[in-house]
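Here's the structure, in structure tokens; my notes come after.
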Amino acid sequence: PTPESRRFERRPQPHQCHAPQRQMDVFCRCGGCGSCNDETANPMGGKCGNTPQRYTIKSPDVVRHGYRKYCKPCLRRMELARLATKHSLNLGLVLPGAKNNRGHTDTPGNRPRIVLFGDSITEQSFGDGGFGAALQHEYRRHTDVVLRGYSGYNTAHAVALLPFVFPLDDATPPILVTVCFGANDAVHPGSTMGPVQGCDQVDFATNLRAIAEHLQRLNPPPAVLFITPPPVNSEAWHDFCRSMAWHDDPTPDRDLARTGSYAATMVRVAAEVHAPCVDLFEGLMGTPGWEGEYLSDGLHLTPAGYREAYTRIAAAIKTSFPSITVDTEDAPSDFPDFKTIRASHIAQDVEAFVAMRTKTNPALALADSGLEITEGALALAEGTLGMLAEGSMLMQPPSN
């Protein structure tokens, strides 16, 4: 036959399978969720009156049609719940029944924490352009960014705070801690503030190791990110201190070289304890005119300086701790999407969502929530939690 004649050949058609469908398969078997059309409950006693999603399986010889167990809206809701739970586990949450039974339980509202630990550079990080506010915006749907910044503090002060800010018996330790000290440690020992704020470089390094070791003793231990002090404009800071009548030292109590040596010490210690470090000192100095662009008073950061710091901190988290990194637009919230909550069943739908995310035993989850334990409801809970049977025993916050 010619190529032209082949176009008109009668080709074998795949066999169409029209096997009768079982009655139980033509009704959505969801036991009740925010996507159910419960105004027309199905004859099988289920809560949803929607038609199950159809499927078609094609093979070279056979085409099969059928129905899935659930309708498309209910399937979408289950998928959102699965994504929310999986994302929470990736962030470091530990479900009840995990091996050490510590860390955040996967309860919506009991969010994991990122703690920003440092001096005034950290304390002001929730201001205009601040990296603290930017981090909280990035993690706004499911993680709390907690500020623990203390103006004027050095690393010796920080070590004294450790049992109180990070108690070893904390059942829900943070998933990430940023450590930003050194700006005050680097004060000249002969200045007015030297005896109050200064810290010898050897002691500075020892204190940084003590902070890292303490955090590693938490159960489970958080990820740790060191952040060096930014560069200092000594003359501008000296003028600012005199204008505030803080002291009348004839020369600046900080200088660029000394602060840089403390920043280098932090970078070295971070490598020793296998923790990443954001070098703000070298990073900010790479911009021409950094003194006026990034520093507000010679020591603290301007909004532009904080934005540059955030860019570097976010990049370090993404590189070093990818499981903590999120895409805000795709990340699920810790509570159900408002579009899936029925106005007539608000409390029930929220409780059902929480039950699906917090329990490893689906039947127990439904019983505790006060919801009716139907075959469909149990199947919904099992579908949400089945994927976590092994993963929940293994997921822990990333260690350094």
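Return the total of residues in the range 276-295 being of a type outside the set (Ser, Thr, Tyr) and not in a helix (DSSP H, G or I).
8
Is it true that some residue in the range 328-340 is more than 30 Å from Cys36 (Cα to Cα), open to solvent by 20 Å² or more (accessible area, probe 1.4 Å) and modelled with pLDDT under 80?
no
Restricting the search to the range 228-250, which residues are open to solvent by less than 60 Å² (accessible area, probe 1.4 Å) and closer than 30 Å to Arg312 by Cα?
Residues satisfying the conditions are Thr228, Pro229, Pro230, Pro231, Val232, Asn233, Ser234, Ala236, Trp237, His238, Cys241.
Please specify each residue of the range 296-318 satisfying the condition of being open to solvent by 40 Å² or more (accessible area, probe 1.4 Å) and part of a helix (DSSP H, G or I). Let's see the steps before the verdict.
At the first step, the residues of the range 296-318 found to be open to solvent by 40 Å² or more (accessible area, probe 1.4 Å) are 296, 303, 307-308, 310-312, 315, 318.
Selection gives Pro303, Arg307, Glu308, Tyr310, Thr311, Arg312, Ala315, Lys318.
The values are calculated or read from the model by the stated rules, or taken from the named source; none is laboratory data. Every value quoted in this text rests on a predicted model; they were computed, and no experiment measured them. Please note that ligands, DNA and RNA were not included when accessible areas were found on the heavy atoms of the full protein model with its side chains. Shrake-Rupley method; radii C 1.70, N 1.55, O 1.52, S 1.80 Å.
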